[in-house]
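The values are calculated or read from the model by the stated rules, or taken from the named source; none is laboratory data. Worth saying up front: this structure is predicted, and the values here are computed from it rather than measured. Cβ coordinates were reconstructed from backbone atoms using ideal geometry, including for glycine residues, and neighbour counts include every protein chain displayed.
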Amino acid sequence: MKSTRTSPARLELCSRLFAEPAIVVGTLTHEVRGAYSIAPHVHEDLLQFDLLVGCRGTAFVGNLWHVLSDVSAMVCPPGVPHGYELVRRGPMPCRVYHLKLRCPMPEGAYPPLLSGLTKMEALQAAFRVVVQLGYLKTDRPPTFLPRLAEVLSLWPTAAGEQTGNSSGQIHDDLPPGLAATVSLIEDRLADPPGVEELATLAGYSVRHFNRQFQARFACSPHDYITQRRVALARGLLLDPNLKVHEVAMQLGFPSVAIFSRWFRREVGLSPSEHRASPTVM
């Protein structure tokens, strides 16, 4: 696709991110494994971005239902009703990437809905990193806001164009030892490694590893692992084909009760309340 320069309206939004990082409300991703729907609803003060990859179905934007195919990019300003009914068809993965900002939409910055898009690999790669870094409840890592600005800049225009490239790797700038620990954490979210194992893998003492990890991710290894597990739980709970006890098992919890207490402590909702709320998306 032909490249296009980032518009002044998008640059304005990206600049606001760095001036007011608290406008980032949250990020989320989950795989659609069957049928999945979010009833039309309104956020009065939130700007919402949804990237729907490989999903078919319909989206409700601007009081109309629109047919979706391939990759779809949906942007809903505050006060605009939105929702969707999605279904996975065929062997390719179907995934939703989701972002909310507490701010108005800069005039003319983004089209409300584009579908049938192809070659959105750079945007998908950047969004993968944003949702992986964006779950942390403490100060987010230094790389989070630049990657989020990358997503906002890469978002397709009305012509279906995007700008630039993204590697989509959270550990692009990490030393090899730390990069290996991040990969191990992702592989073992159901059976998280302890800090001693991570430090050994990185080739550091426990004390040095904790300092290096804190400097890179703005949180302790324990907090990072916890929020990555929360992210996985939130995504799995949005699959209507999975029972809560199945989600608990996939995360390595010995019982639904223990999982539910942990989830409520971290998220503020029970697993059932989380999956029943249309405003989660």
- Query: Which of the residues spanning the stretch 242-275 are over 19 Å from the mean Cα position of the chain (by Cα), of a type in the set (A, V, I, L, M) and in a helix (DSSP H, G or I)?
  - Reply: Val244, Ala248, Met249, Val256, Ala257, Ile258
- Message: Going through Arg140, Arg128, Arg216, Arg147 one at a time, which residue ends up being modelled with pLDDT under 90, basic (Lys, Arg), crowded, with 16+ Cβ neighbours inside 10 Å and more than 18 Å from the chain's Cα centre (by Cα)?
- Response: Arg216
- Message: Looking at the structure I just gave you, is Thr279 modelled with pLDDT under 90 and out of contact with any Ser or Thr (no Cβ under 9 Å at 6 or more places or on another chain)?
- Response: yes
- Counting just the residues of the stretch 225-241 that are over 15 Å from the mean Cα position of the chain (by Cα) and in contact (Cβ under 8 Å) with a residue 60 or more places away in the chain, which one comes out nearest to Ala179 (Cα to Cα)? Asp239
- Message: Given (1) closer than 22 Å to His41 by Cα; (2) surrounded by fewer than 21 Cβ atoms within 10 Å (Cβ to Cβ), identify the lone condition not met by Leu101.
- Response: (2)
- For Leu47, which of the numbered conditions (1) more than 20 Å from Arg128 (Cα to Cα); (2) at pLDDT 90 or above; (3) out of contact with any helix residue (DSSP H, G or I) (no Cβ under 8 Å at 6 or more places or on another chain) fails to hold? (1)
- Among the residues of the stretch 94-118, write down those that are part of a loop (DSSP other than H, G, I, E, B) and touching a Lys or Arg at 6+ places or on another chain (Cβ under 9 Å). Cys94, Cys103, Pro106, Ala109, Tyr110
